[in-house]
Amino acid sequence: MSLGFEKLRVWLPAIRAGSGADVFTERLAAALTRRGVEAIVSWFPHRSELMPDMLRFAWMPERINVIHTNSAYAFAFKRKGIPLVVTEHHYTLDPAYRPYMSPAQRLYHGILVKPYLRRSYAAADAITTDSLFTAKVLNDVAGVRATRTIQLWVDYDAFSPRVGNPPKHGGVFRLLFVGNASRRKGADVIAPLARRLGAGFEIRCSAGLRRQMQQALADNVRMLGRLTQEQLIQEYRDCDAVLVPSRYEGFGYAALEGMACGKPVVGFRCGAVAEVVSEGKTALLADIDDVDTLARYCEQLKQNPEIAGILGETGRDRAVSLFSESKGIDSYLELYRSLQ
C-alpha cells in the first residue's frame, strides 16, 4: 500500500565532498522537509570515499521508507527491503570527462570508482540524473538507463535580483566565477581571460585557486575565498555577469543561480550548461577553450548594458519557470511513492 506523505521518511546519506553534490543533498532535504517529508541527512567524512564498503555498517535511522544517495558509494547504503534511489550528477568515466582529470584522478576513477559505480547501478531501484545530457552519457557510455531526469532548482526568494539601482564599480565591469579550482570548471581560463580584458574588467572568484594558477593571475582578479550563502547571493547581485567557463558539466548550479539573480551568463558551450541557459537569450556561449570569443562577449556586454539587462531579465524568467523546486520535489515524491 502506498504511504501518505506524512509518513514518508527519506534517508539521505552522503559523503561531505565540498562540491555541488553537497548542495544537492542539502537543498533536497530542505525542500522535502517543506513538503512535510521527514528527510534525514547523515554526513560522512570525505575520506570515506576511499573505503566505501565500510559504509555498509553505517547506522540507518528507524522507519525509513526510501534511501536516496549519490552514485559513487550508493551500493554501500543498500538495505534489505528498502528502495534505493541513486542520483548520478555527472558520469566521471565519460571519455569526454577524462581530459580534465589529473593522472592520479584517472587512476583512482578507473581502478576504484568504476566498480563502485557498477555496484551502485546494480543495487539501485531507480536512477535519476540532473540533466538529459547526463542521462544520455549514462546510456551511451555506461549502458545504463536512467529512470528519470529531475532538474535542479534554487530558492528564488533568496537568489533574487537586487532591488534598486545596481552599483557602478567605477565603470569597471564585474564578472563572478563560482566554482572549484579545477580544469573541468575552467579555473585555468581566468588568468588569460583577465589579461585579454584588461583594467576595465574585474573577475571575482568565490573559491581558492591552485598556487600555479594564482601565480599567473592579473591585477584585475580578486580572490574572495569561501563565501556564506548570504555573501554569495550578494556577489551575484553586485556583479554584471556570471562567468561559467566549464568544460564539462552535469548541470551547472552557477549558471542557474546567476540567472535567478537576474544576471547574464557568459561561458563555454558544454554539457548540461546548454540545457540550463538559453543561448542568445539568457547567455552568450563560446566554444570550449575559445578565450578570444569569450573575451569579446564580455566586452559586448560591457558596451551594451541594455542587452545585458535583457539577458538577465530573461534568465530570471527562465529559471523560475523551468527549474522550480515544486516541479523537482513533485517528481521525487512521485518516484519515491512508486517504489513503495
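Values quoted throughout were computed directly from the atomic coordinates according to the rules given, and no laboratory measurement underlies them. No experiment lies behind these values; they were computed from the predicted model shown. As a convention, Cβ positions derive from the backbone with ideal geometry for all residues, glycine included, and neighbour counts pool all protein chains shown.
Using the count of nearby Cβ atoms within 10 Å as a rough guide to exposure, how do Ser120, Ser326, Ser182, Ser160 rank from fewest to most? Don't jump to the answer; show the numbers that get you there.
Numbers: Ser120 25, Ser326 11, Ser182 20, Ser160 17.
Starting with the residue having the fewest Cβ neighbours, the order is Ser326, Ser160, Ser182, Ser120.
What is the order of Leu132, Leu284, fewest Cβ neighbours within 10 Å to most?
Least to most surrounded, the residues fall as Leu132, Leu284.
Below 8 Å, C-alpha to C-alpha, sequence gap of six or more: please give me the relative contact order for region 169-322 in percent.
On the way: 311 pairs, mean separation 34.0, N = 154.
Here the relative contact order equals 22 percent.
Show the residues, 5+ positions off or on another chain, whose built amide H is closer than 5 Å to the amide H of Phe173.
For Phe173, whose amide H was placed from the backbone, the distant partners under 5 Å are Phe201, Glu202.
How do Cys205, Cys261 line up, fewest other C-beta atoms within 10 Å first? Mind dumping the intermediate values first?
On the way: Cys205 24, Cys261 28.
Least crowded to most crowded, the residues run Cys205, Cys261.
Tell me the Rg and the Dmax, in Å, that the Cα atoms of the chain produce.
20.4, 65
For the chain, how many pairs of lysine residues have a Cα-Cα distance under 17 Å, where the two are 8 or more positions apart or belong to different chains? All intermediate terms of the calculation are to be shown ahead of the outcome.
Working: Lys168/Lys263; Lys168/Lys302; Lys263/Lys281; Lys263/Lys302; Lys281/Lys302.
Lysine pair count for the chain: 5.
Non-local amide H neighbours of Phe268 (under 5 Å, H modeled in plane, Pro and chain starts lacking H): which ones?
Amide H neighbours of Phe268: Val244, Ser246, Ala286.
Is the shape of region 10-51 best called rounded, prolate or oblate, per the rule: a/c under 1.5 gives rounded, else a/b larger than b/c gives prolate, else oblate, with a ≥ b ≥ c the square roots of the Cα gyration tensor eigenvalues?
Judged from the Cα gyration tensor, region 10-51 comes out oblate (a/c at least 1.5, b/c at or above a/b).
Name the helices (complete DSSP H segments) of the chain with a Cα length along the long axis of 24 Å or more and a Kyte-Doolittle mean of at least -1.0, or state none. If you can, show how the numbers build up before the last one.
Working: long enough: 305-322 (25 Å, 0.03).
Result, helices passing both filters: 305-322.
Once you sort the root eigenvalues of the Cα gyration tensor of region 169-322 as a ≥ b ≥ c, which label holds: rounded (a/c under 1.5), prolate (a/b larger than b/c) or oblate (the other case)?
Working: a/c = 1.33, a/b = 1.25, b/c = 1.07.
Here region 169-322 falls in the rounded category.
What is region 1-78 by shape, rounded, prolate or oblate, if you read a ≥ b ≥ c off the alpha carbon gyration tensor as root eigenvalues and call it rounded for a/c under 1.5, prolate for a/b larger than b/c, and oblate otherwise? Each step should come with its number before you reach the end.
Working: a/c = 2.63, a/b = 1.50, b/c = 1.76.
Oblate shape, in that a/c is at least 1.5 and b/c is the bigger or equal ratio.
Once each part is reduced to its C-alpha centroid, what is the distance from region 15-87 to region 241-264 in angstrom?
After rounding, the separation between the Cα centres reads 26 Å.
Run the helix sum for the chain: -39,500 (n - 2.57) per DSSP H stretch of 4+ residues, divided by residue count, reported at 222 nm to the nearest 500 deg cm²/dmol. Can you show the working numbers first?
Numbers: 12 runs with 117 residues, N = 340.
That calculation yields -10000 deg cm²/dmol at 222 nm.
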